[in-house]
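One structure is given here, and the rest of the page talks about it.
The values are calculated or read from the model by the stated rules, or taken from the named source; none is laboratory data. Owing to the predicted nature of the structure, the values given are computational and were not obtained by experimental measurement. Neighbour counts are summed over all protein chains in view; Cβ atoms, including those assigned to glycine, are modelled from backbone coordinates with ideal geometry. Note: accessible area is taken over every heavy atom of the protein model, side chains too, but ligands, DNA and RNA are not part of it. Shrake-Rupley method; radii C 1.70, N 1.55, O 1.52, S 1.80 Å.
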Amino acid sequence: MDKNKIIKFGIIGAVILFIIWSIASLIGTYNSLVTLDESVKSSWAQVENVYQRRLDLIPNLVATTKGYAKHESDTLIGVIAERSKASQIKVDPSVVNDPQMFAKFQASQGAISSALSRLMVVVEQYPNLKANENFMNLQSQLEGTENRIAVERKRFNEVAQTYNTKRRSFPIIFFANMFGFKEKAYFTAEEGAKTAPKVDFSK
């Protein structure tokens, strides 16, 4: 075999190896993005679960409060109204790919948090309600759920950040765009989150 043929076969072999490596690299990149995308979906499912848990607690909480705080109808109606609005928002894994829908979801949940905060401030004026065993149990469950919401939101942001970092890295960003892997939205601090609600009982 002459030298030219050896060089030709060497070049062909190198090209074949490069093609195989490129395909393997592309498959590996795709699979890693799929894995991270599924992690984001799984984390989002946990976020949905804890928010749904809060929505499920609200009717019983309002019903129990109503029995003692009949004159606080505006506050009670406000909680129910915000729950109703939040229940109408579509929540599935596609929300994390749509910044506007994600922001709408977060805003609706923030409105519920605000309404519940006002309700808890009102409850302070009713010692008999605070001592009610059923209410105490519901309040404990709600507090636990709120803590869980904070934990799951933090975990979601961490998983989303890992995915987004991988997705934006070079040259993966080209493959991500090619295969439709979109950037994930993050939970952000809600406006006024550090400010306690003000209730004036003098009016």
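Expressed as a whole percent, the accessible area of the stretch 24-122 that falls on carbon and sulfur atoms is 54 (1.4 Å probe).
Farthest towards the positive end of the charge dipole of the chain, among the residues Phe135, Gln106, Phe181, is the Cα of Phe181, using unit charges on the Cβ of Lys, Arg, Asp and Glu. The heavy atoms of Val15 offer some 80 square angstrom of accessible surface to a 1.4 angstrom probe.
Taken as Cα centroids, the stretch 1-52 and the stretch 113-178 sit 36 Å apart, rounded to the nearest whole angstrom.
Remark: the chain carries a charge dipole of roughly 600 debye about the Cα centre, counting +1 on each Lys and Arg Cβ and -1 on each Asp and Glu Cβ.
Helices meeting the span-like rule in the chain (full DSSP H runs, Cα extent of at least 20 Å along the helix axis, mean Kyte-Doolittle score of 0.5 or higher): 99-123.
What number comes out for the charge environment of Ala160, summing +1 per Lys or Arg and -1 per Asp or Glu over other residues with Cβ under 14 Å away? Summing Lys and Arg as +1 and Asp and Glu as -1 gives +3. If the segment from Asp56 to Val121 were pulled out straight at 0.36 nm per residue, it would be longer than the present Cα-Cα gap by 21.3 nm. Determine the alpha carbon to alpha carbon distance for each of Lys104/Lys182; Lys41/Lys85; Lys104/Lys166; Lys90/Lys166; Lys70/Lys130; Lys85/Lys182 and list only those over 20 Å. In this structure, Lys41/Lys85; Lys104/Lys166; Lys90/Lys166; Lys85/Lys182 exceed 20 Å between Cα atoms. Net charge around Ser42, counting only other residues with Cβ within less than 12 Å of its Cβ (Lys, Arg = +1; Asp, Glu = -1)? Here the count lands on -2.
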